[in-house]
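Here is the structure we will look at, set down as structure tokens.
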């Protein structure tokens, strides 16, 4: 018999109660897999896993569910606590990495061990509340999208309790990527999403770190898959127990201030890299137009100086009216105009040529990626392509 946790007298000890697993229609309900990576999350693991389980138990009339927790080489007590929790709650399964491999590998492991029709990825810190799970899955059912992104940066979204520097960095990173993506998606770096199982199985993302999130969006667009987003509330939570009765020092010692694990420089580089992948022509064409414009402006002044010098030669009744002499005179008067204009024009032409080559390369890559994915999908057995829907 499948069982689910019910909250009684505190969050640390879930009490199990029967679920309708023996009902004939139970296996016909959509199966939702929650994938949540965990790295050194011992302080919040039991509390937040219980909150997730209790929330999903309330949805059992509509969904079957499981939680796949990926312990990504934690050095604290995360592994032991996760295994103990999974022994009490059959819907929770734990995948262990022997060492920290990064978010990308953690998500791939979660995808591999999931059985659901829909796979929802979310942070164990519940910076996006569990209510987002149902909203993401329902939107996917309604629109038939392969990916639905929880977006705090679209109209209706909200961000709260996030440190200013971290919030500004995230906002501008997503604005840059959204611009590269032609403004179709507002949040491309967020992990909280719902995926269609068949889509994830055929994708094969390669990124090892946080850049797996824009990579998946990029590859979905290459395959002409539908990517939707829904308004979400990003709120960095304070663990329970850090109440006002504690002194600031005691609260900080018991519940340290939440910190982002993001490696700033590495993540900034990945943002620019995926901006280039989304629209490589943008990074070449925009500066080429700027350089060509400035170079053209300088060249215009060089031409004006040369014409003025030529008119001076004519008025002086010079026996030999060689235009190159006028150009030489103009160069002597304003050499910087010729040098700067020539350099800018050469840079502009070179960057424009690179923009053309980038577009050509992107086109060929898209063709190869689409063809390779289509062949992979066609070669999958029918029962494997149907995924958990046959379970």
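Condition test on residue 343, is it within 24 Å of the chain's Cα centre (by Cα), assigned to a helix (DSSP H, G or I) and surrounded by 13 or more Cβ atoms within 10 Å (Cβ to Cβ)? Please lay out each step first, then the result.
Numbers: within 24 Å of the chain's Cα centre (by Cα): no; assigned to a helix (DSSP H, G or I): yes; surrounded by 13 or more Cβ atoms within 10 Å (Cβ to Cβ): yes.
So residue 343 fails the test.
Among the helices (runs of 4 or more DSSP H) confined wholly to the stretch 195-266, which include 1 or more residues that are modelled with pLDDT of 85 or more? Walk me through it before giving the result.
Numbers: elements: 197-201, 212-222, 248-254.
In the stretch 195-266, 197-201, 212-222 are the helices (runs of 4 or more DSSP H) which contain 1 or more residues that are modelled with pLDDT of 85 or more.
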For the stretch 47-59, name all the residues that are buried (at least 21 other Cβ atoms within 10 Å of the Cβ) and touching a helix residue (DSSP H, G or I) at 6+ places or on another chain (Cβ under 7 Å). 49
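Residue under question is residue 184, and the condition is that it be touching a residue at least 12 places away in the same chain (Cβ under 8 Å) and not in a loop (DSSP other than H, G, I, E, B); does it hold?
Details: touching a residue at least 12 places away in the same chain (Cβ under 8 Å): yes; not in a loop (DSSP other than H, G, I, E, B): no.
Answer is no for this residue.
Looking at residue 158, is it within 22 Å of residue 221 (Cβ to Cβ) and surrounded by fewer than 17 Cβ atoms within 10 Å (Cβ to Cβ)? Full working, then the answer.
Numbers: within 22 Å of residue 221 (Cβ to Cβ): no; surrounded by fewer than 17 Cβ atoms within 10 Å (Cβ to Cβ): yes.
Taking the combined requirement at face value, the residue does not satisfy it.
Going through 117, 72, 83 one at a time, which residue ends up being more than 21 Å from residue 131 (Cβ to Cβ), in contact with a strand residue (DSSP E or B) (Cβ under 9 Å, 6 or more places away or on another chain) and surrounded by 20 or more Cβ atoms within 10 Å (Cβ to Cβ)? Quick ask: steps written out before the conclusion?
Numbers: 117 fails: more than 21 Å from residue 131 (Cβ to Cβ); 83 fails: surrounded by 20 or more Cβ atoms within 10 Å (Cβ to Cβ).
Just a single option satisfies the conditions, and that option is 72.
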The listed residue being crowded, with 18+ Cβ neighbours inside 10 Å and at negative phi, out of 102, 110: 110
Restricting to the stretch 179-194, name every residue that is at pLDDT below 80 and closer than 14 Å to residue 271 by Cβ. 179, 180, 181
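Taking the conditions exactly as written (under 30 Å from the mean Cα position of the chain (by Cα), crowded, with 16+ Cβ neighbours inside 10 Å and modelled with pLDDT of 95 or more), does residue 44 satisfy them or not? Spell out how you get there, then give the answer.
Details: under 30 Å from the mean Cα position of the chain (by Cα): yes; crowded, with 16+ Cβ neighbours inside 10 Å: yes; modelled with pLDDT of 95 or more: no.
No, not satisfied.
I'm checking my understanding of the structure. Among residues of the stretch 29-45 that are in a loop (DSSP other than H, G, I, E, B) and touching a strand residue (DSSP E or B) at 6+ places or on another chain (Cβ under 8 Å), which one is nearest to residue 73 (Cα to Cα)? Write out each step before concluding.
Going through the stretch 29-45, the residues in a loop (DSSP other than H, G, I, E, B) turn out to be 29-30, 39-44.
From what is left, the residues that are touching a strand residue (DSSP E or B) at 6+ places or on another chain (Cβ under 8 Å) are 29-30, 39.
Values: 29: 34, 30: 31, 39: 7 Å.
Once the filter is applied, the top-ranked residue is 39.
Okay, residues lined up against (1) under 30 Å from residue 278 (Cβ atoms); (2) touching a residue at least 60 places away in the same chain (Cβ under 8 Å); (3) out of contact with any helix residue (DSSP H, G or I) (no Cβ under 9 Å at 6 or more places or on another chain); (4) surrounded by fewer than 17 Cβ atoms within 10 Å (Cβ to Cβ):
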{"site": "304", "(1), (2), (3), (4)": "no, no, no, yes"}
{"site": "329", "(1), (2), (3), (4)": "no, no, no, yes"}
{"site": "337", "(1), (2), (3), (4)": "no, no, no, no"}
{"site": "348", "(1), (2), (3), (4)": "yes, yes, no, no"}
{"site": "364", "(1), (2), (3), (4)": "yes, no, yes, yes"}
{"site": "367", "(1), (2), (3), (4)": "yes, no, yes, yes"}
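The values are calculated or read from the model by the stated rules, or taken from the named source; none is laboratory data. What you see is a predicted model, and the numbers here were worked out from it, not measured in a lab. For neighbour counting, all protein chains shown are included, and Cβ atoms are generated from backbone atoms with ideal geometry for every residue, glycine included.
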